[in-house]
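Enquirer: One structure coming up, written as structure tokens, with questions to follow.
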Amino acid sequence: MNIALWIVQGLLALAMLGAGAMKLATPRAKLVANPQMAWSADFTEGQIKLLGLAEIAGAAGLILPWLLRIAPILTPVAAACLGFLMLGAVRTHMRRKEPWVPPMVLAALCVFVVAGRLL
């Protein structure tokens with residue numbers, strides 16, 4: 001079970017790190033022009049950057065506390081926060097009639113990490 005949790009945590013962290021870095025590095029106008037990022041038209045530049053920062057912080061929280069054995073309770077907390085962030089993404093995509101399954105899968109994986117690390 002521990003190996004499965006580490007694999008899921010690593011994949012989630014990579015996904016969140018990549019998505020967050022892209023949101024931080026790409027100007028809003030470029031994001032809005034991308035058909036896969038059309039949702040960004042509903043958010044300000046600051047909100048998009050804040051989402052990116054939250055995803056990067058969550059990625060670090062998925063790995064570092066458990067790996068370093070410093071406040072390991074922060075790993076399931078980070079997973080829970082990322083899960084709620086992904087549920088917000090699901091809501092946004094559903095409202096815009098866009099595909100919502102990918103963020104739902106990420107939210108489910110976050111639930112797996114929370115359950116696995118707390119039990």
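Enquirer: Can you work out which of the residues in the range 1-37 that are in contact with an Asp or Glu (Cβ under 8 Å, 6 or more places away or on another chain) and surrounded by 14 or more Cβ atoms within 10 Å (Cβ to Cβ) is farthest from residue 52 (Cα to Cα)?
Expert: Among them, the one singled out is 28.
Enquirer: For the range 23-42, does any single residue satisfy the condition of being under 20 Å from residue 77 (Cβ atoms) and part of a helix (DSSP H, G or I)?
Expert: No, the conditions are met nowhere in the range 23-42.
Enquirer: State whether one or more residues within the range 53-61 are touching a Cys at 6+ places or on another chain (Cβ under 7 Å), in contact (Cβ under 8 Å) with a residue 40 or more places away in the chain and not polar (S, T, N, Q).
Expert: yes
Enquirer: Could you give every pair whose Cβ atoms fall below 6 Å, whose first residue belongs to the range 77-98 and is free of Cβ contacts under 8 Å to residues at least 40 places away in the same chain, and whose second residue is among the hydrophobic types (A, V, I, L, M, F, W, C) and in a loop (DSSP other than H, G, I, E, B), counting only separations of at least 6 or pairs across chains?
Expert: 90/100; 94/100
Enquirer: Checking the conditions here, which among 65, 76, 72, 99 is touching a helix residue (DSSP H, G or I) at 6+ places or on another chain (Cβ under 6 Å), at negative phi and not in a helix (DSSP H, G or I)?
Expert: Only one candidate passes the filter, namely 72.
Enquirer: Among the residues of the range 1-21, count how many are within 16 Å of residue 65 (Cα to Cα) and of a type in the set (Gly, Ala, Ser).
Expert: Qualifying residue count for the region: 2.
Each value in this text was obtained by applying a stated rule to the coordinates, not by laboratory testing. Predicted model only: the values in this text are computed from it and were never measured. Note that we place each Cβ from the backbone using ideal geometry, even for glycine, and neighbour counts take in every protein chain shown.
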